[in-house]
Structure formats: structure tokens, C-alpha cells
Amino acid sequence: MTIRTLVVDDDFAVARMHRRFVEALDGFEVVAVLERGAPVADFLAGHEVDLVLLDVHLPDRNGVEVLKDLRATGHDVAVVMVTAASERDTVRRAVGLGVDGYLVKPFSREDFNARLLEIAALVQGADAADPDQQELEQAEIDQLVRGASGRAPEVAPAGAPGPAEHGLPGRLPKGFSAPTLQLVAESLQRAGAGADVSAREVAADCGISRVSARRYLEFLTSQDLAELRPRYGAAGRPEHRYVWTGR
């Protein structure tokens with residue numbers, strides 16, 4: 001599967017560099033480069049896009065507002081903010097709207113590639129990155145997201161029931177956190193019997209990144225604790241929805 005990528009940046013030199021980076025990665029292609037935020041929604045309506053590399057400081061609109069409009073109109077495309085904006089409020093708003101990654105300039109080509117490989121894993125539903133590297137990057141993502149949202153670190157209180165006491169697996173694959181698994185499972189259960197939710201909705205409920213939510217939801221599905229229910233709507237790939245099944 002090829003990850004079709006839209007680059008949105010008004011700086012010609014930066015956009016050209018991002019295009020070169022993307023096209024150097026196996027399994028990625030750039031479908032277009034836009035210099036403004038306003039045309040993004042219309043472009044997505046007429047083209048199949050898996051990933052948007054979105055700058056924050058655009059001439060016509062703030063990139064976070066572009067992201068907000070995309071989510072409000074049902075666009076579930078993966079979005080990575082590529083920007084010099086690292087203000088706490090900007091990060092918090094982007095995380096709350098379901099951004100899938102955040103790259104702060106200047107960054108190395110290795111960091112750029114690592115983030116895009118995470119997106120490949122999200123879009124393809126497969127582990128596209130090296131497991132050891134993914135564990136490190138996931139820890140960084142969780143730390144950023146929890147810090148941006150003002151939530152406390154993932155530390156279970158003394159005497160609190162562990163995952164196994166909730167019917168969850170006691171032994172987890174490398175790179176998975178028991179407290180995060182419990183958060184995701186509880187989010188699914190709160191949706192109600194038979195109600196399905198998306199990775200984006202679970203991410204917002206738990207205060208974690210959508211990449212992380214998707215990985216944990218897929219793990220719960222593999223353990224027969226959740227069920228995947230594709231929802232077919234507008235043109236493009238179906239939205240993945242999940243429902244708690246328990247045991």
C-alpha cells in the first residue's frame with residue numbers, strides 16, 4: 001500500500017524539502033503541494049489522501065483551524081503538524097483535535113522518517129517501524145501528549161487493580177503499557193454495550209495520541225476483547241470503528 005501524502009506549506013524551499021524526504025521513503029508518494037490552508041478540505045474531497053503534512057503558520061489560516069475543520073466535517077485522514085510552533089496551547093489544541101504527530105522545526109531527517117513510519121503503521125494497520133525504535137517513539141509521544149493536556153504521568157495508585165483484574169492480559173508485548181491498555185479498555189466500555197467508537201474518539205477520551213489509541217485498539221481486537229467494525233461513508237477508505245466485546 002502506498003501512503004498518499006499532501007504537503008501544506010507556503011515556504012517553497014521547505015515544501016520542496018518535505019517532498020524530497022517523503023518520496024525517498026519506500027511506500028510513500030506526494031500527491032500535491034498546497035501553499036494555503038483553505039483549499040485543503042476541497043482537495044481531500046476530490047482526491048484520495050492518507051496523510052497531510054500540515055504547517056501551522058499559513059498565510060490564510062492557522063493550521064490548527066484547518067485541522068479543526070477537517071475533523072468537524074468527518075475527515076479522518078492522518079495529520080502530522082510540521083512547524084516551528086511549539087507553544088503549549090498550540091500543541092494542546094492540536095492533540096485535542098486528534099493530530100497524529102507533531103514535528104517541531106528544526107528536526108533531523110531521522111526524526112521525520114520515524115514519524116512517517118508511525119503513520120504508515122497507523123494507516124496500514126501493521127507494525128511498519130522497528131519494534132525497539134517504535135517503543136522509544138511511542139514513549140515520547142505519550143509523554144508529549146500527557147504533558148500537553150496537563151495530565152499526570154501514568155502511575156497506578158497503590159492497591160489499584162491491575163490489568164489482569166479487569167480481564168485484560170497480564171503480559172503485554174514489548175512497547176505496550178498496562179495503564180494505557182486499561183485506559184483504552186475503559187474508554188471502550190464507557191461507550192456502552194454494542195456502541196462503536198473510532199481511534200480518534202478513544203484518543204481524545206484517554207488523552208493519548210491517535211497512533212497510540214489505534215495500536216491498543218488493535219491489540220484488544222487481537223485478544224478478542226474488542227471487535228473491528230468498518231464504517232463505509234464518503235469516498236475513500238472506510239473508517240475503523242471498535243466495540244468492546246469482553247470475554
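The values are calculated or read from the model by the stated rules, or taken from the named source; none is laboratory data. As the structure is a prediction and not an experimental result, all values here were calculated from the model. A quick note on method: Cβ atoms are made from the backbone with ideal geometry, for glycine too, and the neighbour counts reach across all protein chains shown. With ligands, DNA and RNA removed, areas are computed over all heavy atoms of the protein, side chains included. Shrake-Rupley method; radii C 1.70, N 1.55, O 1.52, S 1.80 Å.
Residues in the range 27-72 that are open to solvent by less than 70 Å² (accessible area, probe 1.4 Å) and without any contact (Cβ under 8 Å) to a residue 12 or more places away in the chain: P39, G46.
So that you can scan it fast, the table gives a plain yes or no per residue for (1) in contact with a helix residue (DSSP H, G or I) (Cβ under 6 Å, 6 or more places away or on another chain); (2) surrounded by fewer than 16 Cβ atoms within 10 Å (Cβ to Cβ):
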site: G74; (1), (2): no, yes
site: V79; (1), (2): yes, no
site: R88; (1), (2): no, yes
site: V91; (1), (2): yes, no
site: A94; (1), (2): yes, no
site: Y102; (1), (2): no, no
site: S108; (1), (2): no, yes
site: D111; (1), (2): no, yes
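Regarding the range 190-198, can at least one residue be identified that is touching a strand residue (DSSP E or B) at 6+ places or on another chain (Cβ under 8 Å), of a type in the set (A, V, I, L, M) and open to solvent by less than 10 Å² (accessible area, probe 1.4 Å)? No: zero hits. All of G46, G74, G37 fail the test of being in contact with a Gly (Cβ under 8 Å, 6 or more places away or on another chain), of a type in the set (G, A, S) and farther than 20 Å from A199 by Cβ, apart from G37. Within the range 187-200, being more than 10 Å from Y242 (Cβ to Cβ) and in contact with a helix residue (DSSP H, G or I) (Cβ under 8 Å, 6 or more places away or on another chain) holds for R190, R200. Checked against the criterion of being modelled with pLDDT of 85 or more and not aliphatic (A, V, I, L, M), the range 69-92 contains one or more residues that satisfy it.
Among the residues of the range 165-209, write down those that are among the hydroxyl-bearing types (S, T, Y) and modelled with pLDDT of 85 or more.
S187, S198
Pairs meeting the criteria (first residue in the range 204-222 and within 21 Å of L116 (Cα to Cα), second residue outside any helix (DSSP H, G or I), beta carbons under 6 Å, at least 6 apart or on different chains) are R210/G98; R210/D100; V211/D100; L217/Y242. Applying the condition of being touching a Pro at 6+ places or on another chain (Cβ under 9 Å) and open to solvent by 40 Å² or more (accessible area, probe 1.4 Å) to the range 199-232 and asking which residue is nearest to P179 (Cα to Cα) yields Q223.
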